[in-house]
Amino acid sequence: MNVLFSAQDPGGRNAIAPVIEALRTQGAEVSENIASPDVFVFGTSAAGDSADKRIMGTIGNVPSVAVLDFWGNYWQRFSTPGKKDFAYLPTRICVMDDVAKEEMAAEGFPADRLVVTGNPHFDHFADGITSDEEEDTRILFISQPLRAVGALPGYTPSAYDEYAVLRDLIKILARLPERFFLSLRLHPKEPTDKFTEYLGPRVRRAPEATLEEALSHAGLIMGMCSPVLMQAAAAGKKVLSYEPDLAGEDPLVSNRVGVTVRIENEEALADALVKYVRGEWSFATRSLREVWPTGATERVVSIVRELAANHVPV
């Protein structure tokens with residue numbers, strides 16, 4: 001079986017990486033020829049004319065499987081930029097849960113193409129994250145390029161972005177004991193010099209080579225709507241999602257289902273951080289595995305193999 005893979009964004013790449021590894025282990029070959037695969041598997045992107053859309057336009061009757069990595073911007077992932085035309089619908093779309101399936105069906109996706117498998121990346125969320133060398137004085141800020149993605153189709157801007165959130169954090173940090181500091185972890189799409197003007201003794205770059213190391217060393221993980229917050233929660237870390245003056249429904253579904261905690265305003269954030277400094281943590285959350293069980297990789301692989309087995313080349 002020859003399988004063609006594609007992913008343009010980090011989230012899409014993470015979603016299909018376990019599938020690639022599993023299929024290779026089972027003897028599948030990764031196709032380098034766009035004209036010869038038995039099946040096309042891709043991680044999705046809402047970024048306009050993405051690589052997967054260009055490939056979808058060339059593969060003819062080859063079956064295709066999209067693996068979603070996150071909620072939102074659904075139709076934009078499968079439509080001509082700026083049009084809700086579903087011009088690039090694959091044979092199957094593997095989604096994270098019933099929330100995604102119901103939201104997509106409401107947007108007009110054919111129900112028979114939607115399959116709840118889970119995100120394969122979730123199977124390995126906690127891998128490599130420990131608490132053995134945790135520093136309770138380090139608050140890790142997980143950044144996202146929210147201001148930049150405001151130009152993407154389908155994005156609903158909120159009253160906050162990463163700069164506003166960071167300024168609130170720094171303001172509150174000044175009220176905490178001096179031993180507590182912020183460690184900034186940039187998104188892969190963010191330039192390395194971002195936030196330079198905010199750096200100082202108590203606001204530092206996260207020095208770790210990997211995300212998992214940075215999460216391991218922090219006592220508290222903070223961010224906005226990044227899936228990294230879910231990853232930290234899966235490993236049992238203390239996590240807060242700060243989304244002040246949120247416009248519309250919370251994009252971080254883990255907040256909606258109780259896996260992570262959303263803080264709604266600066267006053268509530270200050271209260272939470274002051275209590276954290278005192279060693280108080282009263283937030284009750286659900287286990288990520290209770291909501292998104294493991295086994296997503298195997299479920300996606302099963303769909304890929306079934307479609308490839310039934311494919312008759314033209």
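The values are calculated or read from the model by the stated rules, or taken from the named source; none is laboratory data. Here the structure is a predicted model, which means the values were calculated and not measured. Glycine gets a Cβ as well: all are built from the backbone with ideal geometry, and neighbour counts include every protein chain shown. When the accessible area is computed, the model is the full protein with side chains, heavy atoms only, and any ligands, DNA or RNA have been set aside. Shrake-Rupley method; radii C 1.70, N 1.55, O 1.52, S 1.80 Å.
Per residue, how much accessible area does the stretch 24-180 have with a 1.4 Å probe, in Å²?
Working: 6980 Å² over 157 residues.
On a per-residue basis, 44 Å².
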Exercise. Per residue and in cubic angstrom, what volume does the convex hull of the Cα atoms of the stretch 216-300 have?
Worked result: 101
For this session: Report, in whole Å, the centroid distance computed from the Cα atoms of the stretch 55-104 and the stretch 239-254.
Result: 24
Exercise. So, counting K/R as plus one and D/E as minus one, what does the shell of residues with Cβ under 10 Å around Tyr242 add up to?
Worked result: -3
Problem set entry | Local electrostatic count at Ala148 - Lys and Arg +1, Asp and Glu -1, tallied over other residues with Cβ under 11 Å | 0
Exercise. Any idea what log10 I(q)/I(0) is at q = 0.20, 0.23 Å⁻¹ for the stretch 14-137, Debye with uniform C-alpha scatterers and no solvent?
Worked result: -1.18, -1.45
Exercise. Using 20 Å as the cut-off for backbone N distance, which residues of the stretch 88-125 belong to the label zone defined by a point 7 Å from the Cα of Glu290 along Cα→Cβ?
Worked result: 97-100, 118-119, 122-125
Problem set entry | Glu107 versus Ala51: modelled label distance in nm, points set 7 Å from Cα along the beta carbon direction | 2.2
Seminar exercise, completed: Descending accessible area (1.4 Å probe), largest on the left, turns Lys171, Lys238 into Lys171, Lys238
For this session: Could you please report the charge total around Glu102, scoring K, R as +1 and D, E as -1 over all other residues with beta-carbon less than 13 angstrom from its beta-carbon?
Result: -3
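Can you flag which of Lys171/Lys275; Lys189/Lys238; Lys101/Lys275 are past 28 Å Cα-Cα? Can you show the working numbers first?
Details: Lys171/Lys275 16 Å; Lys189/Lys238 25 Å; Lys101/Lys275 38 Å.
Exceeds cut-off: Lys101/Lys275.
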Exercise. In degrees, nearest 10, range 0 to 90: what is the angle between the Cα axis of helix 162-173 and the longest Cα principal axis of the chain?
Worked result: 30
Exercise. Rounded to the nearest whole Å², what accessible area per residue is found for the stretch 253-314 with the 1.4 Å probe?
Worked result: 55
Exercise. If you roll a 1.4 Å probe over the stretch 82-190 with all protein chains in place, what percent of the accessible area is carbon or sulfur?
Worked result: 48
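How much FRET efficiency would the formula 1/(1 + (r/R0)^6) give for Glu21 and Glu306, where r is the Cβ-Cβ distance and R0 is 25 Å, rounded to 0.05? Present the calculation step by step, with values, prior to reporting the outcome.
Numbers: r = 19 Å, r/R0 = 0.77.
Computed FRET efficiency for Glu21 and Glu306: 0.85.
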For this session: Note the listed values (i) 35, 28, 21; (ii) 35, 22, 18; (iii) 37, 20, 18, then indicate which one is semi-axes √(5λ) of the Cα gyration tensor in Å calculated from this particular structure.
Result: (iii)
